[in-house]
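The values are calculated or read from the model by the stated rules, or taken from the named source; none is laboratory data. All values reported here derive from a predicted model rather than from experimental measurement. Note: ideal-geometry Cβ built from the backbone for every residue, glycine included; neighbour counts use all protein chains shown.
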């Protein structure tokens, strides 16, 4: 009987959050766009009409056609195939780098907010120092030091994304640590680790989920920027950013080379932002019922 009584209140807010999210058409639209890009990246070998590195010498700088729906580039490579495979790079870079930031930043924020004192001051001053530098500038500096590759790009973006998660986790913990459920857990003899991970972390997860969605959008844009500058994925691996870099010399003769990769970046970043806004509204208990 007790298990039944305790499970109902936990289920109800979750159901309300789902309903609020499904009422947000922009958020649902963003989720659907991301689903399309995710499926395209996952099934790229079956969906791409050609190998992204295959050269069609008779179709160099060919416009959109039945054979090449989005045209070809300066080497005759199929642009649709390269965009589909580029989705693998952009989405994996965004998800992996933000996962790194989520784990490290949340852990730092939890410890700083719960322990407080000198440890809190040291951690947060380091975070403030990182936030004093522009996100992209710091990412470029780290990528230049680590060297150009997809793995180093993920690591660089992950490191510069840590402060956002650390600040959010720390602020939420400070707001929650004096609540009754935390004091009750400590009074019952729960260790600090159990209090943090068993009681505090689930109650601040909503803010972290929203930040994760918004951070992936920044990470995708950062990966494209680093690849555009030659500090990210190296040729011949297709990347939306490097495709934009190459297209600069063909804007007059082959504008589709810049249009379609740019559109892919725009739609992906916009979709993640819409998803993040929708999650924030759905997970906020103060959101009004429509």
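So the values come out like this:
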read-out: Qualifying positions in the range 133-183 - outside any helix (DSSP H, G or I) and loosely packed, with under 14 Cβ neighbours inside 10 Å; value: 133, 134, 147, 178, 179
read-out: Set 212, 195, 153: member being out of contact with any strand residue (DSSP E or B) (no Cβ under 8 Å at 6 or more places or on another chain), farther than 30 Å from residue 247 by Cβ and modelled with pLDDT of 90 or more; value: 212
read-out: Some residue of the range 70-78 being surrounded by 15 or more Cβ atoms within 10 Å (Cβ to Cβ), out of contact with any helix residue (DSSP H, G or I) (no Cβ under 6 Å at 6 or more places or on another chain) and under 23 Å from residue 220 (Cα atoms); value: yes
read-out: Selection count, the range 231-257, where residues are surrounded by 15 or more Cβ atoms within 10 Å (Cβ to Cβ) and under 23 Å from the mean Cα position of the chain (by Cα); value: 12
read-out: Filter pass, residue 194 being under 25 Å from residue 280 (Cα atoms) and in a helix (DSSP H, G or I); value: no
read-out: Qualifying residue in the range 238-246 (condition: in a loop (DSSP other than H, G, I, E, B) and more than 29 Å from residue 163 (Cα to Cα)); value: yes
read-out: Candidate set from the range 15-59 (those that are over 27 Å from residue 274 (Cα atoms) and touching a residue at least 40 places away in the same chain (Cβ under 8 Å)); member that is surrounded by the fewest Cβ atoms within 10 Å (Cβ to Cβ); value: 53
read-out: Selection status of residue 26, part of a helix (DSSP H, G or I), within 25 Å of the chain's Cα centre (by Cα) and modelled with pLDDT of 90 or more; value: yes
read-out: Tally of residues being in a helix (DSSP H, G or I) and over 26 Å from residue 223 (Cα atoms) across the range 94-129; value: 15
read-out: Scan of the range 213-246 for residues that are touching a residue at least 40 places away in the same chain (Cβ under 8 Å), farther than 19 Å from residue 95 by Cα and touching a helix residue (DSSP H, G or I) at 6+ places or on another chain (Cβ under 9 Å), ordered by number; value: 229, 230, 234, 243, 246
read-out: Flag for residue 76 being more than 25 Å from the chain's Cα centre (by Cα), in contact (Cβ under 8 Å) with a residue 40 or more places away in the chain, over 23 Å from residue 159 (Cβ atoms) and not in a helix (DSSP H, G or I); value: no
